[in-house]
Each structure stands twice: as structure tokens, then as C-alpha cells.
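**Student:** Sharing a structure below in C-alpha cells format, with a few things to ask.
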Amino acid sequence: MILDILRVVLPVFLVAGAGYAAVRTGLFAPTAVDGLMVFTQNFAIPCLLFRSIADLDLGAAFDPRLLLSFYTGAVTAFALGILGARRLFGRRPGEAVAVGFCALFSNLVLIGLPIMERAYGAGALAPSFAIISIHAPFCYLLGITVMEFARADGRGLADTGRAVVQAMFRNALMIGLALGFAVNLGGIPVPDTLRVAVDMLADASLPAALFGLGGILTRYAIRASFAEAGLIAGLSLLVHPAISWGLSRYVFGLPDEFVRAAVMGAAMAPGVNTYVFASMYGRAQAQAASAVLLATAFSVITVSFWLAILGGVH
């Protein structure tokens, strides 16, 4: 069992580690990392999401109990992150929301999908894509709304709504998801030549994104915010998946494939979008950067733990 889990987990983190080492040693330029991430985030991953949603059996994958299992854990981690930042570390309201957002936003695509695919096969990804399809809209809607009400210089409700809508429509990942839903729900045929081109980009997305993620992590450091980063890591890697596991397995009694999608998605470290969110508001950037690095490093252990709990790795 242990060797099976390591065969699943280590290759994913080795690709990210290769990107980290390549940039750290000067073999891959930081500007090249930026270009690689633009390619993956704006072109390749949107094609992956488009293809997956366009081909998804929406009736089978979109189970409200699955979404409740995952997002109840996410919101709980978000609230505990805000509370911990306020009570334990004396952070101001806006800073506390940025810390909470780190515990809310899991790295579902760059790390979650490769691990799920290696552990359970490509055929097990449908419930994961159901979670992913509303992940960024839900998290940004919640995070931006709470931030605007929490910070002293916050915008009004109407301006907040406009900011959320603009953020969604400018995001290439959201465009890929929206087009996928349009094709799926509208029964729109995709020409074979276009589908082959989309497949080529989609197939390149995750390895390239993992390598680029490793390069991005060289820019972060764990400084004086180690304790807060540890709080975020604990909420992201342990509390969120524990809640999702309890709800999906024992409250809702979901099938194994849904339980695995909920728990493994919840067990992912915070994504780099958490640093983007913190930078957007100029609050808690050091904590967000430290949390991404620390939680990603520790997730090698915690992801293996959750895979052992779930079992069935092939």
C-alpha cells in the first residue's frame, strides 16, 4: 500500500520539484517561468477544462451532496482562518480575510487532477471536474464579498458585485468552463479538427503547469509568518479534507468515487491564486506566499495520508 501511494504521489511532486530546481540553479529563467504559466493558465488549462466539461455527464457528476461535502469544509476552513488570524495573531480584518482565503482556495487543477488521475485513473475525474467547475467563482465571490465588507476602505455592495463579475469574465479558466457548459448543454457539435487541437493543448497542460508551479515557488519564502502559514497549512491539509470525508462518507453516504473526489480535492495545498488575491488587496502577501510554499511541501505527506485513508489506489 505504501509503495503504491508513493508511486502515485512522488512523480507529481518530482515534476514540480524539477521546475523548482531548474529555476533555482539558473537552468530555467524566471521570465521563462512567467511565459510557461501564461501558456498553461490562459491557454492549455482552459482547453482542458473546456474539453472536460463539454464531455461531462452533468446529471451523473453534479450531485449536490458532493458539492456540499467539499464546500462546507472549504467555508469552515475559511472562517477558522479568519478567526485564527484575528484572535491568535492580532491581524486587522482585511488581513484576516486574506489569510482565510488561503485556507479556502485549494490547488485543485495543478496538483489535484494529476494526483487523482494517477491514483484512480482518468475515468475517475468526472466528480473532480464538477467541483472544479464552480471552485474559482465560488471562492472569489465569497472572498471578495467578505473582504469588501471587512476592510475599512471597502467598496459598496454594487461596486463589489461589479468587481466580482469583472474578475470572472476576465479569467481564462472561467471562459473555458463557460464554453464547455455551452457546448454540453446546447448539444453543439465540435468539429474534429478543432477537437484535436484542443486535445493537444489540454494534454500539455498539467505537466507544463506542474513544472511552472515549481518555478513559481522559488519566489516565495517562509519568513516571520511561519506560524500563520502553519495555521493555513493545517486547515487546508487536515481540517478541510476531514470535514469533506466525514460529510461525504458518513452523513451523505456517497459512492467511493465521489468521496475520493471530495476528500482529495479538499486535501490540496493552497494555490497561487491565494497570493494573487492577497496582492490584489495589498494584505497578508507574506503569509499567503509562505502558506503556499509550506503547505505544498507538507502535502507530500498529508496527501499520502489521505490516499491511505481512502484506499483503492491502483
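Please treat every number below as a calculation from the coordinates, not as lab data. All values reported here derive from a predicted model rather than from experimental measurement. Note that we place each Cβ from the backbone using ideal geometry, even for glycine, and neighbour counts take in every protein chain shown.
**Student:** For the pair D55/T31, report the inter-label distance in nm, with labels modelled 7 Å from Cα in the Cβ direction.
**Tutor:** Result: 3.8 nm between the two label points.
**Student:** Can I ask one more? Helix hunt in the chain: which complete DSSP H runs extend at least 27 Å axially by C-alpha with mean Kyte-Doolittle at least 1.0?
**Tutor:** Qualifying helices, which must be both long enough and hydrophobic enough, are 2-24, 126-150, 192-217, 285-310.
**Student:** Can you give me the Cα centroid spacing of the stretch 261-301 and the stretch 41-82 in angstrom?
**Tutor:** 17
**Student:** Still on this model: What span do the alpha-carbon atoms of the stretch 32-111 cover on each of the three principal axes, reported in whole Å from largest to smallest?
**Tutor:** 46, 41, 18
**Student:** Over the chain, what is the relative contact order in whole percent, taking alpha-carbon pairs under 8 Å and six or more residues apart?
**Tutor:** Here the relative contact order equals 34 percent.
**Student:** Given 10 Å bins starting at zero, what is the percent of C-alpha pairs of the stretch 72-156 in each, up to the one with the largest pair distance?
**Tutor:** Once binned at 10 Å, the Cα pair distances of the stretch 72-156 give 18, 39, 26, 14, 3.
**Student:** Could you tell me the calculated FRET efficiency between A122 and V38, based on Cβ-Cβ distance and R0 = 22 angstrom, to the nearest 0.05?
**Tutor:** Result of the calculation: an efficiency of 0.25.
**Student:** Can you order the peptides 286-294, 25-33, 61-69 by their average number of other Cβ atoms within 10 Å per residue, highest first?
**Tutor:** Top to bottom by mean Cβ count within 10 Å: 286-294, 61-69, 25-33.
**Student:** Using the Kirkwood formula over every pair of different C-alpha atoms, what hydrodynamic radius in Å results for the chain?
**Tutor:** 19.7
**Student:** Multiply the residue gap between A18 and D4 by 0.36 nm, knock off their C-alpha separation, and tell me the result in nm, one decimal place.
**Tutor:** Length difference between fully extended and current span is 2.9 nm.
**Student:** Cβ neighbours within 10 Å, averaged per peptide: list 250-259, 229-238, 192-201 in order, most packed at the top.
**Tutor:** Result, highest mean Cβ count within 10 Å first: 229-238, 250-259, 192-201.
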